[in-house]
Every structure is written in C-alpha cells, then in structure tokens.
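To keep things clear, I will list the structure first and then write my remarks on it.
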Amino acid sequence: MRGSAALLTVCTVLVATLLSACTGDGDGERVRLRVLASPDLAVLAPLLEELADETGVELDLDPLADAETRPAASRTGYDLAWLSSDRYLRLRDKRSTQGMQRTPTMTSPVVIGLTPGTARTLAAGVPGSRLTWADVADAAAQGEVRFGMADPRNAGSGLAALVGVATAAAGTGAALRTEDVSCDRLRGFRSGQTLTAATSPDLVDSYVTHQDRADALIAYESDLLALNASGRLKEKLTVVRPEDGLVLSDFPLLLLDPSRRAAYDKVTEWLRRDAVQEKIMHSTQRRPVSATVPRDAPLRAPIGNALYFPDQPAVLDRLLADYGDPKHRTAGQVVFLLDFSGSMRGPRMAALREAFAGLSGADASVTGKFTRFYQGERLTVVRFGGRVLEERTVTVNGPEDLDALSDTVARGGYGDGTAVWSALDHGYRTAADAVAADPGRSVSVVLMTDGENNAGLSYPEFVRHYEALPDAARDVPTYSIHFGEADAGELRRAAARTGGRMVDADDSSLSEAFKEIRGCH
C-alpha cells in the first residue's frame, strides 16, 4: 500500500507540473506565448532571450504588417499583442478591448527627418526656425519637400503622422471631429509624398535605397535616430519635432488571453525594470516609460504639445479614404468659373484677385498653407460675362505657372451681362473632356458670381444639358460661391444637384470663401 501511495503521489505531482507548464502558471517552468506584433517590435528579438532566461517566459513574436488594424477575429490564437499603438484597435473594437490589460513599454513620437539643406531652407522662412506640420505641408505643395511616409492604412507611424497633419489643418488643437475632416485639406501635403511602404522598417530601408527620391522622412523619432547612427545615410537627417504637436506611441503589450495573466505579469514586470528600460532605450532609441531612467542625449529633447487621437471611427474612415493609396495617386483638376461682368469692377475684382493671390501662396496663415495650389495640380480659369470671355489651363510645376494664372485673373475685359448657367454648362464640357482624358483624375468645378443670371441659358436648360452628360462627367461636383447680388437659392440648388455645396462669401470674405471651397473639393 505504501508503494502504491507513493506512486500515486509521484503521478499526481507529475500531472500537476505538466498542467502548470501548459497553462503557464508554474514557477520555474518555461512558458511560450504567441504574440501578434507590429514589425517595429522585431528589433527587440535579442532582448527577448534575456527575458526568457530570467522569467521563464518565451515570447514568440509574429510581426505582421497589418497587426494594428486587424479585426478581433484575426487575433484568435494569439496570447498577447505587442503593438506600436493600440489606438486604432481600441477605436475599432471597443467591445473586445474593453477591460483588456495593457502595459506601455516605451514611447516614441512621430517626427520629421529633413536633409540638412532642406532643414536650413525651411527654417530660414519661419520665425524662430520653429517648423510646424503646416510649414511642411506648404513646402510639399510648392514642391520644396519630397517625403517618405509609411502607409497609414497599415503602419502606426503613418497613421500618427496623418492625424498630426490633419489636426494642424483643422486648427482646433483638440481631437479631430467629423466636421474637421468633412473637407480634404491635405491634398497639398500628399502631393509631396514620393516614397511609401507598408511598415516603418520597410520605409527606412526604402529611403536608404532611394535617398535621391526624398529629402524628408516622416517616421518614429526612434527610427530616425537609429538611422542616423547606422552609417547608412549619405548625410544625417535633422530631426524636427513640429511645434503644432506630435502623436506619441507607447508600444503597449496587450493581454489577449486572460488565462495567460500570470506569465503576462512576469513579462511586463521585467520589461519595466529600470535596467531593462535602459537596454530598450539603447537598442531601439525609444524613450523609457520609467521616469527614473536617465535619457540618452538625443532623447532629452522636449516632445512639446501632444496631440489627441480621434475618438470617432468615422474620422479615421474619412482620413484614410481621403489619403487613398499613396502608390496610385493623380493630382486633381479644378475648373474655376469667374464672373467678369461689369458689376465686378472695383473693390469686388480687387477681392477676387486677392483671393487668387492667397491661393497662390501669398496667404501665410495656417489655413492658407493647407489650401494653396499644389505641385502637379491642373487649374482651369474661365472668365465670363454675358458669354465666355477667356479660358486658360495650367499645370502647376513652378511659380511661373501660378504667375500665368494670376495674369489671367488680373486682366480686364469685362463683359456685358451675366451668363451664369451658360458658364456652368461650358465648365461641365471642359470637365467632361478632362474626365474622359484621364479617368483617374479628380475633377471639380468652382463657380463664383456676384449677380443674377440675365443672359444665355436658363437654369432649367442647364439642368437638361447636365443630365445628358456621361455618368463620369455628372459625378463632377460644383462648389458655388455666392457673392453680392447673386441668387443664393439657385446657386445652392445647382451645387446640391451636382454633389457639391454653396459657400456664402458675404458671411466672411471672398478669400475665406475660396479657402473653404479649396478644402472641400
């Protein structure tokens, strides 16, 4: 009996030990956890060997390009998730992430790396050399900055950069709201992107290979500092932390499987030790989450204003839809129909010319920088009175193209009468030709008038012509600007019928009306 009892005891202990090892709750036993990881975490692989030796917990990282944007069902089978940011995850899957244990492990803001010459050029035109996202967007629109940025549809750094520049464009300083992104103000910024990649590490590698194709890199501060120290660059990048704010990532470790809590606690306790935080800092160039760990010199630079991340899924949906696919992007075309009837003489024409000068770069305000004409954009100006007086199209490749456009607006040659609907009919024929020639190009019409229609087509006649257009041409929206004595009701109806909207310049100014329109087409 004693032998049988002893054997039973040994077997019981053995079974308990095996069960403990399988569940990860046993002391002194090796536990392996499967981890869904952002590619940014792969750099920590050597440190994880120490983690396993000291805690008995092995982390099997599975770095995937879409780790941060995966739906809940795609995370099945993983014990943990280690992401550069879980903001998108929590916003998209509020139910599955509610109450989920998370532990920040390190931090890094998304910043801008500029080649030294580009940094000097941009800083020279900014008071105190304190660059902002708006300054970079403005320079991109002018063709002065060509940048690389990871695809925001996958990469946390790309999404953080997109939120940062969109928040600057909104100018509220608060979390982006749906109304802040109801109009696309980032076209000029996007026009400067010449490099992209699905992940931050891939973007860095692409930049190293194609340094002649970009003079700026928008990425995590840690990636830029590591790249500068790698010896892989022709010249080190100047790290700029935009004055109008940064989005900070804290690389959280998330507990997906609650039954792994004991092992998770061991891992997070080890990762947050000061000695380990110091090793993470040295190996990744990311900032420690522990306030007691002295920062390396490059990491002592103040982060400044931390920007809020959107708290509404619709905001991210619109931002990502507007940004589109950076590999397949065509600059847009705008057809401006400008009233040059006799009533526009004097102060009204001066206001129109001032508005166009602002869109050409004279407006140095934040909103002006985000609504200016940009590189590659095609612009058509049609002057009309009782008939079409002149039409001119330019593609913006340099200041001379904007000068040509300004010259067209600056000319005299006023017409008798105001043929509003004949002008709009002409604009749609121009738009239809543009759409047919390049189906991938976004085309819109902007109609500005200060008077009621008293010549040419009537509104019902215009509608009949419009309805006879090909489907692609009817998809072109009209944005009308009501000014002076124009018929607001008819302008509003025309805009609504074509999918655009009306802006009333009498409520602000012609310059502000054009800027508002620029942000919405």
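What does the C-alpha gyration tensor say about the overall shape of segment 350-460? Classify as rounded when a/c is under 1.5, otherwise prolate if a/b is larger than b/c, or oblate.
It is oblate, given that a/c is not under 1.5 and a/b is not larger than b/c.
Which of rounded, prolate, oblate describes segment 442-503, given a ≥ b ≥ c as roots of the alpha-carbon gyration tensor eigenvalues and a/c under 1.5 marking rounded, otherwise prolate only if a/b is larger than b/c?
Note, shape of segment 442-503 comes out oblate.
For the chain, what is the calculated [θ] at 222 nm in deg cm²/dmol (nearest 500), taking -39500 (n - 2.57) for each run of four or more DSSP H residues and dividing by its residue count?
Computed ellipticity for the chain at 222 nm equals -12000 deg cm²/dmol.
In whole percent, what relative contact order does segment 190-270 give with Cα contacts below 8 Å and a gap of six or more residues?
Relative contact order of segment 190-270: 18 percent.
If you take the square roots of the eigenvalues of the alpha-carbon gyration tensor of segment 191-327 and sort them as a ≥ b ≥ c, do you get rounded (a/c under 1.5), prolate (a/b over b/c) or oblate?
Oblate, since a/c reaches 1.5 and b/c is not below a/b.
Pop a pseudo-label 7 angstrom from the Cα along the beta-carbon direction at both E354 and D205 and give the gap in nm to one decimal.
Modelled inter-label distance: 5.4 nm.
Looking at segment 334-421, what % of its DSSP beta bridges pair antiparallel, to the nearest 5?
50 percent
Please give the per residue volume of the convex hull enclosing the alpha carbon atoms of the chain, rounded to a whole number of Å³.
170 Å³
State the extension gain, in nm to one decimal, for the chain segment bounded by E452 and T292, taking 0.36 nm per residue of separation less the distance between their alpha-carbons.
Working: separation 160, 0.36 × 160 = 57.60 nm, distance 7.05 nm.
Contour length minus Cα-Cα distance gives 50.6 nm.
State in Å² the accessible area per residue of segment 299-387; use a 1.4 Å probe, count heavy atoms of protein chains only, and round to the nearest integer.
That works out to 40 Å² per residue.
Between W270 and I303, with labels modelled 7 Å along Cα→Cβ, what's the label distance in nm to one decimal, could you check?
2.6 nm
Carbon and sulfur atoms: what percent of the 1.4 Å accessible area of the chain do they account for? List each step's numbers first, then the result.
On the way: 11030 of 21720 Å².
Whole-percent figure for carbon plus sulfur exposure: 51.
Report, in whole Å, the centroid distance computed from the Cα atoms of segment 317-349 and segment 139-159.
If you average the Cα positions of each part, the centres end up 22 Å apart.
Could you tell me the center-to-center distance, by alpha carbons, between segment 401-468 and segment 209-270 in angstrom?
49 Å
Add +1 for every Lys or Arg and -1 for every Asp or Glu among the other residues with Cβ under 10 Å from the Cβ of S191, and state the total.
For residues surrounding S191, the net value is +3.
Between A321 and H465, what FRET efficiency comes out of the Förster formula 1/(1 + (r/R0)^6) with R0 = 25 Å and r the beta carbon distance, rounded to 0.05?
That pair, H465 with A321, gives E of 0.20.
Accessible area per residue, 1.4 Å probe, Å², for segment 400-521: what's the number?
Numbers: 5010 Å² over 122 residues.
Ligands and nucleic acids excluded, the result is 41 Å² per residue.
DSSP beta bridges in the chain, what fraction antiparallel, as a percent rounded to 5?
Working: 24 of 62 bridges.
Percent antiparallel among DSSP bridges in the chain is about 40.
How many nm is it between the label spots at R232 and L47, if each spot is 7 Å from the Cα in line with the beta carbon?
So the two model labels end up 1.9 nm from each other.
Probe of 1.4 angstrom, ligands and nucleic acids ignored: what's the accessible area per residue over segment 141-225, in square angstrom?
27 Å²
Below 8 Å, C-alpha to C-alpha, sequence gap of six or more: please give me the relative contact order for the chain in percent.
Normalised by residue count, the contact order of the chain is 15 percent.
Order of 250-258, 122-130 by packing, highest average Cβ count within 10 Å first?
Listed from highest to lowest mean packing, they are 250-258, 122-130.
Cα atoms only, segment 346-409: Rg and Dmax in Å?
Radius of gyration, then largest Cα-Cα span, for segment 346-409: 12.3, 37 Å.
The values are calculated or read from the model by the stated rules, or taken from the named source; none is laboratory data. Predicted, not measured: the structure shown is a model, and the values here were computed from it. Positions of Cβ are generated from backbone atoms using ideal geometry, with glycine treated the same way; all protein chains shown enter the neighbour counts. The protein model used for the area step is the full one, side chains on, heavy atoms only, and it has no ligands, DNA or RNA in it. Shrake-Rupley method; radii C 1.70, N 1.55, O 1.52, S 1.80 Å.
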